[in-house]
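Colleague: Take a look at this one; I'll ask things after.
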Amino acid sequence: MLRLSRRGLLQAAALAAAPPVAQAQNAPLTLGVLTPLTGAGSFDGPRMLKAMQAVADEINAAGGVLGRNIQLTVEDDETNPEAAVRAAHKLVDVDKVPVIMGTWASAVTTAVAPVCWESKTFLTTVSGADSITHLPHQGYLIRTQPNNELQATKHAQFIIKHGSKRVFILAIQAPFAEPTRKYLTETLTPHGVQLTGYLVYDKDKTSYRSEVDQALRTKPDLLYLNGYAPDVAVVLRDLYRAGYDGDRFTQSYALTEKGLSELPKEVTQGVITVQPSADLNSPAYAAAAKRLGIATPDSYVAQATDWISIVTLTIAKAGAATGTAIRDNVRKITNSDGMKVYTAVEGLAALKEGKEVKYSGASGPCTFTDIGDISDCKFAFNRVDNGTFKFIELS
């Protein structure tokens, strides 16, 4: 039997007597988070969640949004499309969230996006496959991660600059595999760099030795490893066992600090990694570092900071917490000519004063095209030396 204290009974009676509008205004503003807490994306998911929660806490301490505290409802997408769709339906159908933030894998976002646009739920993502923003999402989607074209072009420019002449691509079966091959080829070939081959493999194999042997028969001086952490770890081991001594190039999410700690140093020695870089000189980046108590937030933490900041500012600007209100007003915050603001709290205060604001984020300017892509960003390149990442350049 449920027992309430006298104080609790009085509070419940007061709430029951309050007008419905007052009750709604005092209710928490629930925002959805769907991110990989397990699976291949589990290194990034928890850190992105922590960044979003830190911003929510800061907003709540300053009075909330539209008089309501932010409450995050969190689901694990497991880095798995089927699990993600089930979780998205729960967030949409049961929790009634106006937004879902945090999808990571392109296959997950591709599967979840229809659930969002069909329910008029806004979606923010870090997935990079070109196909995502070309889905018929009706404006209910933005991504802070550069698309395949921007990423592959920047990667190819680095490869050209550093003198590689023969490149083989080993890629996991994923939506980004073929577009990445296309854009790499278009940039590399006119500069005299030969693509010696392209092979797409299945995930969850215990060995990729046959794929590695096929690649090495073409005598590449650089292997472009376009996969996720579990499979890239296996590929790197097989390359070491095969005696390959050329360059290996991969995304930072495919070789993380955790991956370095789990693999022998001789297996990872010399591997080049790349990631979209946060805007290291931005006041928003400095604010994120201070808020989280870490010296150098990476791009994924910065992007997560920007999602919740953009969403809450847009809700305040619209005066409504619905997916359609976010869709219709988001570029009034991101693409505005108003006063630049670098945190949600700063922007919310300015909006209360009737000012127009332009949010400039920790991950970059956060300016979006009509289909939801960011316009530009920087990339950070590192090389593994003796089990640690060493910075090469920012470009």
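The values are calculated or read from the model by the stated rules, or taken from the named source; none is laboratory data. Every value quoted in this text rests on a predicted model; they were computed, and no experiment measured them. Note that each Cβ is placed from the backbone with ideal geometry, even for glycine, and that neighbours are counted across all protein chains shown. The protein model used for the area step is the full one, side chains on, heavy atoms only, and it has no ligands, DNA or RNA in it. Shrake-Rupley method; radii C 1.70, N 1.55, O 1.52, S 1.80 Å.
Colleague: Is there any pair linking a residue in the stretch 340-358 that is more than 19 Å from LEU292 (Cβ to Cβ) to one that is among the acidic types (Asp, Glu), with Cβ under 8 Å and at least six apart or on different chains, and which?
Modeller: Correct list of pairs: GLU356/ASP337; LYS358/ASP337.
Colleague: Restricting to the stretch 268-293, what's the tally of residues that are buried (at least 20 other Cβ atoms within 10 Å of the Cβ) and more than 30 Å from ALA344 (Cα to Cα)?
Modeller: Of the residues in that region, 4 qualify.
Colleague: Is it true that some residue in the stretch 314-324 is assigned to a helix (DSSP H, G or I) and surrounded by fewer than 18 Cβ atoms within 10 Å (Cβ to Cβ)?
Modeller: To start, the set of residues in the stretch 314-324 that are assigned to a helix (DSSP H, G or I) comprises 314-318, 323-324.
Next, from what is left, pick out any that are surrounded by fewer than 18 Cβ atoms within 10 Å (Cβ to Cβ): 324.
Within the stretch 314-324, one or more residues are assigned to a helix (DSSP H, G or I) and surrounded by fewer than 18 Cβ atoms within 10 Å (Cβ to Cβ).
Colleague: Among (1) assigned to a loop (DSSP other than H, G, I, E, B); (2) surrounded by 24 or more Cβ atoms within 10 Å (Cβ to Cβ), there is one condition PRO136 misses while meeting the rest; what is its number?
Modeller: Checking PRO136 against (1) assigned to a loop (DSSP other than H, G, I, E, B); (2) surrounded by 24 or more Cβ atoms within 10 Å (Cβ to Cβ), the one that fails is (2).
Colleague: Follow-up question, since we're still on this one. What number of residues within the stretch 375-395 satisfy the criterion of being out of contact with any Ser or Thr (no Cβ under 6 Å at 6 or more places or on another chain) and farther than 15 Å from LEU280 by Cα?
Modeller: Within the stretch 375-395, residues that are out of contact with any Ser or Thr (no Cβ under 6 Å at 6 or more places or on another chain) and farther than 15 Å from LEU280 by Cα number 8.
Colleague: Continuing with the same structure: Specify which of the listed residues (THR296, THR218) is under 22 Å from GLU178 (Cβ atoms) and open to solvent by 20 Å² or more (accessible area, probe 1.4 Å).
Modeller: Working: THR296 fails: under 22 Å from GLU178 (Cβ atoms).
The conditions single out THR218.
Colleague: Could you list, in sequence order, all residues of the stretch 333-359 that are buried (at least 19 other Cβ atoms within 10 Å of the Cβ) and among the polar types (S, T, N, Q)?
Modeller: Residues satisfying the conditions are THR334, THR343.
Colleague: Let me ask you something else. Give just the number: which of (1) of a type in the set (Lys, Arg); (2) without any contact (Cβ under 8 Å) to a residue 12 or more places away in the chain; (3) surrounded by 21 or more Cβ atoms within 10 Å (Cβ to Cβ) does ARG327 not satisfy?
Modeller: Of everything listed in (1) of a type in the set (Lys, Arg); (2) without any contact (Cβ under 8 Å) to a residue 12 or more places away in the chain; (3) surrounded by 21 or more Cβ atoms within 10 Å (Cβ to Cβ), ARG327 misses just condition (2).
Colleague: Give the residue that is nearest to LYS154 (Cα to Cα), with candidates limited to residues of the stretch 246-257 that are open to solvent by 10 Å² or more (accessible area, probe 1.4 Å) and at pLDDT 95 or above.
Modeller: Taking the stretch 246-257 as the starting set, the residues that turn out to be open to solvent by 10 Å² or more (accessible area, probe 1.4 Å) are 246-248, 251-253, 256-257.
After this cut, where a residue has to be at pLDDT 95 or above as well, the list is 246-248, 251.
Numbers: GLY246: 21, ASP247: 17, ARG248: 16, GLN251: 12 Å.
Out of the qualifying residues, it is GLN251.
Colleague: Something else about it: Run down PHE158, PHE168 and say which single residue is open to solvent by less than 50 Å² (accessible area, probe 1.4 Å), in a strand (DSSP E or B) and at pLDDT 95 or above.
Modeller: Details: PHE158 fails: in a strand (DSSP E or B).
Selected residue: PHE168, the only one of PHE158, PHE168 that is open to solvent by less than 50 Å² (accessible area, probe 1.4 Å), in a strand (DSSP E or B) and at pLDDT 95 or above.
Colleague: Output the number of residues of the stretch 45-96 satisfying the condition of being open to solvent by less than 50 Å² (accessible area, probe 1.4 Å) and more than 30 Å from ALA295 (Cα to Cα).
Modeller: 10
Colleague: Further question: Among (1) of a type outside the set (Val, Ile, Thr); (2) at pLDDT below 95; (3) in contact with a helix residue (DSSP H, G or I) (Cβ under 8 Å, 6 or more places away or on another chain), there is one condition GLY32 misses while meeting the rest; what is its number?
Modeller: (2)
Colleague: With the structure loaded, tell me whether LYS203 is among the basic types (Lys, Arg), closer than 21 Å to VAL108 by Cβ and surrounded by fewer than 23 Cβ atoms within 10 Å (Cβ to Cβ) or whether it fails that test.
Modeller: Answer is yes for this residue.
Colleague: Could you grab me the full set of residues in the stretch 246-292 that are among the hydroxyl-bearing types (Ser, Thr, Tyr) and more than 22 Å from THR125 (Cβ to Cβ)? Working first, answer last.
Modeller: First, the residues of the stretch 246-292 that are among the hydroxyl-bearing types (Ser, Thr, Tyr): 250, 252-253, 256, 261, 268, 273, 277, 282, 285.
Listed by number, the residues that qualify are SER261, THR268.
Colleague: Only one residue in ILE392, ILE374 is within 20 Å of ALA302 (Cα to Cα) and either open to solvent by less than 30 Å² (accessible area, probe 1.4 Å) or in contact (Cβ under 8 Å) with a residue 40 or more places away in the chain (or both). Which one? Give the steps one after another, and end with the answer.
Modeller: Details: ILE392 fails: within 20 Å of ALA302 (Cα to Cα).
The unique qualifying residue is ILE374.
Colleague: So THR185 passes all but one of these: (1) out of contact with any helix residue (DSSP H, G or I) (no Cβ under 7 Å at 6 or more places or on another chain); (2) among the hydroxyl-bearing types (Ser, Thr, Tyr); (3) under 27 Å from THR38 (Cβ atoms). Which condition number does it fail?
Modeller: Unmet condition: (3).
Colleague: Out of curiosity, is ILE142 crowded, with 24+ Cβ neighbours inside 10 Å, out of contact with any Pro (no Cβ under 9 Å at 6 or more places or on another chain) and at negative phi?
Modeller: Values: crowded, with 24+ Cβ neighbours inside 10 Å: yes; out of contact with any Pro (no Cβ under 9 Å at 6 or more places or on another chain): yes; at negative phi: yes.
It is true that ILE142 is crowded, with 24+ Cβ neighbours inside 10 Å, out of contact with any Pro (no Cβ under 9 Å at 6 or more places or on another chain) and at negative phi.
Colleague: Run down PRO114, PRO175 and say which single residue is of a type outside the set (Ser, Thr, Tyr), open to solvent by 10 Å² or more (accessible area, probe 1.4 Å) and assigned to a loop (DSSP other than H, G, I, E, B). Walk me through how you get there before you give the answer.
Modeller: Working: PRO114 fails: assigned to a loop (DSSP other than H, G, I, E, B).
Exactly one residue qualifies, and that residue is PRO175.
Colleague: Evaluate the stretch 60-69: report whether one residue or more is farther than 23 Å from LYS258 by Cα, at pLDDT 95 or above and part of a helix (DSSP H, G or I).
Modeller: Among the residues of the stretch 60-69, at least one is farther than 23 Å from LYS258 by Cα, at pLDDT 95 or above and part of a helix (DSSP H, G or I), which makes the answer yes.
Colleague: Shifting gears a bit: Consider VAL234 against the criteria (1) of a type in the set (Val, Ile, Thr); (2) within 30 Å of GLY347 (Cβ to Cβ); (3) open to solvent by 20 Å² or more (accessible area, probe 1.4 Å): it satisfies all of them except one. Which criterion is unmet?
Modeller: (2)
Colleague: I've got another one for you. Within 19 Å of PHE43 (Cβ to Cβ) and without any contact (Cβ under 8 Å) to a residue 24 or more places away in the chain: is that true of ALA83 in this structure? Lay out the reasoning, then the answer.
Modeller: Values: within 19 Å of PHE43 (Cβ to Cβ): yes; without any contact (Cβ under 8 Å) to a residue 24 or more places away in the chain: yes.
So ALA83 passes the test.
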